[in-house]
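No lab work stands behind these numbers, since they all come straight from the coordinates. What you see is a predicted model, and the numbers here were worked out from it, not measured in a lab. Every residue, glycine among them, receives a Cβ derived from its backbone with ideal geometry; neighbour counts consider all protein chains shown.
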Amino acid sequence: MSEVYLEKSYWVGLIKMSLSRLFILRVLYEEPLHGYEISKRIDVITKGCCAPTEGALYPVLHEFAEGGYLNCQTQVVDGRQRKVYSITKKGEEAYRVAIEAWEETAKALLKAKKSL
């Protein structure tokens with residue numbers, strides 16, 4: 001287990017998992033979307049860096065909905081029933097808090113890198 005910390009993929013996975021939550025809120029801050037479109041939008045804005053897989057996306061969407069951060073409605077989109085997610089006021093506040101936290105983290109990382 002201790003060797004895992006020497007693998008870049010371990011660290012990238014942790015970072016992407018956390019950032020994908022932020023980016024889910026980010027894209028829904030702009031407009032309501034269904035799951036596949038959420039993933040596509042994240043892929044575009046992060047240039048493929050943080051787009052969650054289906055297996056990672058839907059549990060987070062359910063968690064956010066259960067916590068009151070998102071609303072979920074079943075709608076017909078292109079002739080198919082889909083769950084469309086929209087951000088709530090609580091979700092907007094979570095997004096603002098997340099951005100602030102990531103800004104602090106990014107600054108700390110840049111400072112740490114300078115000292116290498």
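Of note:
- Among the trypsin sites (Lys or Arg not before Pro) within the stretch 19-57, those in coil by DSSP and having at most 13 neighbouring Cβ atoms inside 10 Å are Lys47.
- The phi-based Karplus calculation (6.51 cos²θ - 1.76 cosθ + 1.60; θ = phi - 60°) puts the 3J(HN,Hα) values of the stretch 84-94 at 10, 9, 9, 7, 9, 4, 4, x, 4, 5, 4 Hz, whole numbers, x for Gly and Pro.
- Within a Gaussian network of the chain (alpha carbon springs, distance under 10 Å), most fluctuating of Gly67, Gly35, Gly79: Gly79
- Proximity of backbone amide H atoms, modeled 1.01 Å from N, is registered between Val84 and Gln73, Thr74, Gln75 at under 5 Å, excluding neighbours fewer than 5 places apart on the same chain.
- Given [x] -0.36, -0.82; [y] -0.51, -0.87; [z] -0.42, -0.88, the label whose value is log10 I(q)/I(0) by the Debye sum over Cα atoms at q = 0.11, 0.17 Å⁻¹ derived from this model: [z]
- The chain, helix-only ellipticity at 222 nm - DSSP H runs n ≥ 4, -39,500 (n - 2.57), divided by all residues, nearest 500: -21500 deg cm²/dmol
- Helix 8-30 axis, angle to the chain major axis (alpha carbon atoms, nearest 10°): 40 degrees
- Cross-link check: pairs Lys47/Lys114; Lys83/Lys107; Lys16/Lys89; Lys16/Lys83; Lys8/Lys90 evaluated at a Cα-Cα cut-off of 32 Å; pairs beyond the cut-off: Lys83/Lys107; Lys8/Lys90.
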